[in-house]
Amino acid sequence: MARASGPAADGLIPGDFTHAASGIRYRLFLKDGQAWLSYQRTSTDPARSLQGQQELLYYLGSGKRGRTYLFQQEGYWFEIPVNWYAKKQLWDMAPNYLHATEMPLTLPVDPGCLHCHASDTQASLPGSRNHFASAPFAHGGIYCTACHGDAAAHLAQNGKGPILNPDKLDAVRRDSVCLQCHLEGESVIARLGHSLTSYRPGDDLFDHVAYFVHKNETGSAGRATSQWEALLESKCKQKSGDKLTCTTCHDPHSSPTPAERVDFYRGKCLTCHHDAAFVAKHHPENPDCASCHMPRQSTEDIAHEQVTDHRIQRVPDDNTSAAAQKSKELTTIDNLPAGSREYGLAYAQMALHGDSFAQAQGLRFLQAAEDSFDGKTLDPELHTQLGFLEQTNGDKARAIREYQAALQDDPSNNIAAGNLAILRIQAGDTAEAVRLWESVFGRDPSQLAAGYDLAVTQCALGDAEASQKTLNRLLIFSPDNSRARQFSQAIATGDRHCGNAR
């Protein structure tokens with residue numbers, strides 16, 4: 001954990017590979033003590049040619065499973081589009097971008113992402129989740145405070161003062177220390193007024209965030225299921241109850257070496273399965289309990305990765321049909337309490353993938369949550385997602401009201417402003433649409449759709465100079481955006497005459 005992040009030059013893994021789908025050659029290298037990423041595509045078509053580089057400032061990931069790097073552009077922080085995959089010992093595109101035909105160079109880095117990789121993560125500036133006043137975190141790696149809380153008194157007394165010991169907490173608060181980073185679920189929803197970064201050791205994590213999964217889902221179902229989700233399905237956990245937790249088998253302060261690993265974990269199993277007759281007859285030829293009862297399974301949503309199956313089954317299944325068996329309904333991890341707001345936001349996340357069932361459920365829950373407001377509640381996230389669902393459902397008038405409510409609660413809400421701009425221009429209110437897109441793209445130039453729509457509208461209004469300026473700024477952040485490149489070139493060559501109909 002201490003090596004989960006740090007200066008890029010200290011943790012650079014040199015690489016050089018060409019991504020087949022995009023035709024881009026990526027290279028990671030050190031130059032004069034600094035870490036760099038270069039990218040290049042050679043093409044006979046000038047519009048497809050690409051060349052540039054970014055200085056890398058920090059790395060994320062210990063390298064045991066993988067590693068990536070961060071760079072900044074005008075104070076906005078991004079993750080590079082390529083990852084190091086330790087299991088396969090290779091460089092490839094970041095998850096979800098294996099088949100991308102254009103380089104994704106605007107992958108935002110926000111406090112929630114950094115929470116589990118660095119210490120003293122800084123808050124985002126208003127208007128953009130990846131915009132910080134200076135560096136996005138104060139210290140690389142996971143410090144003691146991530147698990148033990150405020151250490152001021154402990155340090156003031158030379159290590160003899162009080163400090164939080166997770167083992168002394170009740171079960172849910174004890175487990176929360178690990179789960180703040182080792183629980184993912186299908187959907188994670190921050191409770192009103194909270195976030196993952198508001199959690200502090202000693203809190204009940206579930207007071208800050210709600211974790212949702214599909215009902216009846218077993219095993220990984222092809223996704224990178226977090227260990228706790230799987231452990232809850234295991235007979236070991238069900239029979240042991242709160243006595244079995246992450247630190248029963250894992251020491252957070254050290255890890256066994258490869259040579260020690262089999263004996264180390266076998267010893268953990270034998271603390272419960274210690275009957276001498278059983279141990280003597282149960283496959284004495286293979287002391288590696290995990291190889292049979294916790295096999296590694298491939299995932300579909302994280303490239304080149306496998307996860308250890310913490311269901312700890314007597315006879316492991318291949319889990320190939322789990323995805324087909326799971327219900328479309330959502331439920332919370334371990335059936336913990338959640339309200340209409342949390343369920344509605346979780347279904348809204350599912351609806352982003354075109355799930356009509358999730359859309360209907362999201363509408364039902366979010367409308368119920370909104371109906372319960374006391375007139376003083378500020379909840380821009382609820383209004384934004386309810387607006388999106390209403391817009392998807394074809395009710396533009398209600399969507400507009402929701403987006404306006406979201407912006408009243410939070411004037412820097414870019415999602416609400418960008419979506420409202422689309423509805424405004426559809427209604428013929430071009431001036432208001434331009435104002436909204438200018439506000440969004442001005443606050444966050446990685447909002448590429450808003451930037452492109454703004455440039456198109458500026459051109460349609462006859463302002464070629466403003467349109468070209470917007471496109472130039474967009475291409476600073478996304479140099480391989482083919483639509484923007486082609487549009488910019490068409491204006492420059494006169495193939496596109498601004499002032500024509502859109």
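Got at least one residue in the stretch 286-296 being within 30 Å of G362 (Cα to Cα) and modelled with pLDDT of 75 or more? Checked the stretch 286-296: no residue is within 30 Å of G362 (Cα to Cα) and modelled with pLDDT of 75 or more. Does the stretch 66-80 hold any residues that are free of Cβ contacts under 8 Å to residues at least 40 places away in the same chain and either open to solvent by less than 20 Å² (accessible area, probe 1.4 Å) or in contact with a Lys or Arg (Cβ under 7 Å, 6 or more places away or on another chain) (or both), and which are they? Matches in the stretch 66-80: T68, F71. Counting only helices (runs of 4 or more DSSP H) wholly contained in the stretch 232-277, the ones carrying 1 or more residues that are of a type in the set (A, V, I, L, M, F, W, C) and open to solvent by 60 Å² or more (accessible area, probe 1.4 Å) occupy 261-270.
Residues that are over 30 Å from Q53 (Cα atoms) and outside any loop (DSSP other than H, G, I, E, B) were ranked within the stretch 470-502; the one that is farthest from the chain's Cα centre (by Cα) is N500.
For the stretch 1-22, the set of residues classified as touching a residue at least 24 places away in the same chain (Cβ under 8 Å) and part of a loop (DSSP other than H, G, I, E, B) consists of M1, A2, R3, A4, G11, L12, I13, A21, S22, listed by residue number.
Restricting A450, A417, A455 to residues that are over 25 Å from the mean Cα position of the chain (by Cα), part of a helix (DSSP H, G or I) and either on the phi > 0 side of the Ramachandran plot or small (G, A, S) (or both) narrows the list to A455.
When S38, S43, S22 are checked against the criterion of being among the polar types (S, T, N, Q), open to solvent by less than 10 Å² (accessible area, probe 1.4 Å), out of contact with any Cys (no Cβ under 9 Å at 6 or more places or on another chain) and farther than 23 Å from G112 by Cβ, a single residue qualifies: S22.
Looking at N216 and the list (1) open to solvent by 50 Å² or more (accessible area, probe 1.4 Å); (2) outside any loop (DSSP other than H, G, I, E, B), which single condition is not satisfied? All conditions pass for N216, except number (2). Considering the stretch 154-211 alone, what residues qualify as being closer than 17 Å to H115 by Cβ, assigned to a loop (DSSP other than H, G, I, E, B), open to solvent by 70 Å² or more (accessible area, probe 1.4 Å) and modelled with pLDDT of 95 or more? Residues satisfying the conditions are H194, R200.
Please state which one of A450, A431, A466, A460 is buried (at least 21 other Cβ atoms within 10 Å of the Cβ), modelled with pLDDT of 95 or more and not acidic (D, E).
Result of the check over A450, A431, A466, A460: A450.
Inspect the stretch 102-109 for any residue being of a type in the set (S, T, N, Q), open to solvent by less than 60 Å² (accessible area, probe 1.4 Å) and under 30 Å from R41 (Cβ atoms) and give the result as yes or no. Yes - at least one qualifying residue is present in the stretch 102-109.
When only residues in the stretch 469-485 that are without any contact (Cβ under 8 Å) to a residue 24 or more places away in the chain and among the hydrophobic types (A, V, I, L, M, F, W, C) count, which is surrounded by the fewest Cβ atoms within 10 Å (Cβ to Cβ)?
Only one residue fits best here, namely L475.
The values are calculated or read from the model by the stated rules, or taken from the named source; none is laboratory data. These numbers come from a predicted model, not from an experiment. Cβ sites come from the backbone with ideal geometry, for glycine too, and all protein chains shown count toward neighbours. Just so you know, the surface numbers come from the protein's heavy atoms only, side chains and all, with ligands and any DNA or RNA stripped out. Shrake-Rupley method; radii C 1.70, N 1.55, O 1.52, S 1.80 Å.
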